[in-house]
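Contents: one structure, followed by commentary.
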Amino acid sequence: MENFTPYTALSGGLLIGLSASIMLLFNGRITGISGMLTGLLTPIKGEWFWRLSFLLGMIAGAIIFITFFPESFVPRKNFPSILLILAGFLVGFGTRLGNGCTSGHGICGIARFSLRSIIATIVFMLSGGVSVFIIRHLLGITL
Amino acid sequence: MKQALVALFAGIVFGIGLALSQMINPNKVLSFLDVTGNWDPSLALVMGGALLVTIIAFNFISKRNRPLFDDKFRLPTRTDIDSPLIIGAILFGLGWGIAGFCPGPALASLGINFLDSFIFIVSMLAGSWLQKYYTTINKPNE
């Protein structure tokens, strides 16, 4: 537990919640990152540009923060590309099939008390735990 | 245009939140999911903090008839629990646990740890595309 960072975790979480609340109040939309990314490739009129804006803003926000606090990020080195490809593929396939990820289901859906989102979040947390157990403890891959 | 500016601002806030909470650090995420190892509960507080805001704010916002910059709310309407939801969540979780990336943090770290992020996102878009393709060829009438 020595890596536990409660204050930055909680304050970062508050900002994420603020962002999702702004999106709902002004634009009337759910902040679901997997849906926004997919939506870039399958453009619907009136739904493309705001998605691009949000995602570019998110990339910029992270750059801004790391520019001021470079010591807060330690890049992972030499993580096998094959695992990145496999992981990315599963995440892309799974979020499209299940209609959402950590943001859409986990943060927005639960706040709307959507049963679908509550169940999806419990399931992906559990399968994420199983996956880490296999990768880290059975296969011994820690980088 | 107004919607895009709001989205840009909200995106920046979201990105700062991800970086501040270190969710763009995959090992931080993996250590949350690693309950039998050296467990780091930080991610629970990130979600807790976010939900604290969204549960309260969404409750107030949902009392409105329409959002400020659009004529109506565009929200998911489905309530059924079906097997694609469960299988999708299982597959997403497995992928999440392999690399410690979910879509938000993976994209947010594009400007910081480009190569890992890029490889992941391209694979993710391929997975998403294949899912759609698979559904389309199995249900030609939709």
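What are the residues in segment A:90-126 that are among the polar types (S, T, N, Q) and surrounded by 24 or more Cβ atoms within 10 Å (Cβ to Cβ), if any?
Correct list: A:THR95, A:THR102, A:SER103, A:SER117.
When B:LEU30 is evaluated against the numbered criteria (1) more than 7 Å from every other protein chain (Cβ to nearest Cβ); (2) surrounded by 18 or more Cβ atoms within 10 Å (Cβ to Cβ); (3) of a type in the set (A, V, I, L, M, F, W, C), which criterion, by number, is the only one it fails?
(1)
Output yes when any residue across segment A:6-27 is outside any helix (DSSP H, G or I) and either more than 7 Å from chain B (Cβ to nearest Cβ) or over 28 Å from B:ALA126 (Cβ atoms) (or both), and no when none is.
no
More than 16 Å from the chain's Cα centre (by Cα), surrounded by fewer than 17 Cβ atoms within 10 Å (Cβ to Cβ) and not β-branched (Val, Ile, Thr), is that true of A:LEU24?
Answer is no for this residue.
Name every residue in segment B:4-27 that is farther than 18 Å from A:LEU15 by Cα and crowded, with 23+ Cβ neighbours inside 10 Å, in order of residue number.
B:PRO26, the sole residue that qualifies.
Each row is one residue, and each column tells you yes or no for (1) in contact with a Phe, Trp or Tyr (Cβ under 9 Å, 6 or more places away or on another chain); (2) at pLDDT below 95; (3) closer than 26 Å to B:GLN131 by Cβ; (4) within 7 Å of another protein chain (Cβ to nearest Cβ).
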site: A:LEU55; (1), (2), (3), (4): no, no, yes, yes
site: A:PRO70; (1), (2), (3), (4): no, yes, no, no
site: A:ALA87; (1), (2), (3), (4): yes, no, yes, yes
site: A:PHE93; (1), (2), (3), (4): yes, no, yes, yes
site: A:ARG96; (1), (2), (3), (4): yes, no, yes, yes
site: A:HIS105; (1), (2), (3), (4): yes, no, yes, no
site: A:THR121; (1), (2), (3), (4): no, no, yes, no
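Only one residue in B:GLY111, B:GLY93, B:GLY100 is at the interface with another protein chain (Cβ under 7 Å from one of its Cβ atoms), crowded, with 24+ Cβ neighbours inside 10 Å and of a type outside the set (Ser, Thr, Tyr), so which one is that?
Going through B:GLY111, B:GLY93, B:GLY100 in turn, just one is at the interface with another protein chain (Cβ under 7 Å from one of its Cβ atoms), crowded, with 24+ Cβ neighbours inside 10 Å and of a type outside the set (Ser, Thr, Tyr): B:GLY93.
Among the candidates A:GLU71, A:GLU47, which residue alone is closer than 19 Å to B:PHE14 by Cβ and acidic (Asp, Glu)? Spell out the reasoning first.
On the way: A:GLU71 fails: closer than 19 Å to B:PHE14 by Cβ.
Of A:GLU71, A:GLU47, the one residue that is closer than 19 Å to B:PHE14 by Cβ and acidic (Asp, Glu) is A:GLU47.
The conditions are (1) among the β-branched types (Val, Ile, Thr); (2) surrounded by fewer than 18 Cβ atoms within 10 Å (Cβ to Cβ); (3) over 30 Å from B:ILE81 (Cα atoms), and A:ILE44 fails exactly one of them. Which is it?
Tallying (1) among the β-branched types (Val, Ile, Thr); (2) surrounded by fewer than 18 Cβ atoms within 10 Å (Cβ to Cβ); (3) over 30 Å from B:ILE81 (Cα atoms), A:ILE44 fails exactly one: (3).
Filter segment A:88-120 down to residues that are of a type in the set (Val, Ile, Thr) and in contact with a Cys (Cβ under 6 Å, 6 or more places away or on another chain) and give me whichever is nearest to B:GLY127 (Cα to Cα).
A:THR95
The values are calculated or read from the model by the stated rules, or taken from the named source; none is laboratory data. A quick note: this is a predicted structure, and the numbers were derived from the prediction, not measured. With ideal geometry, Cβ positions are generated from the backbone for all residues, glycine too; neighbour counts draw on all protein chains shown.
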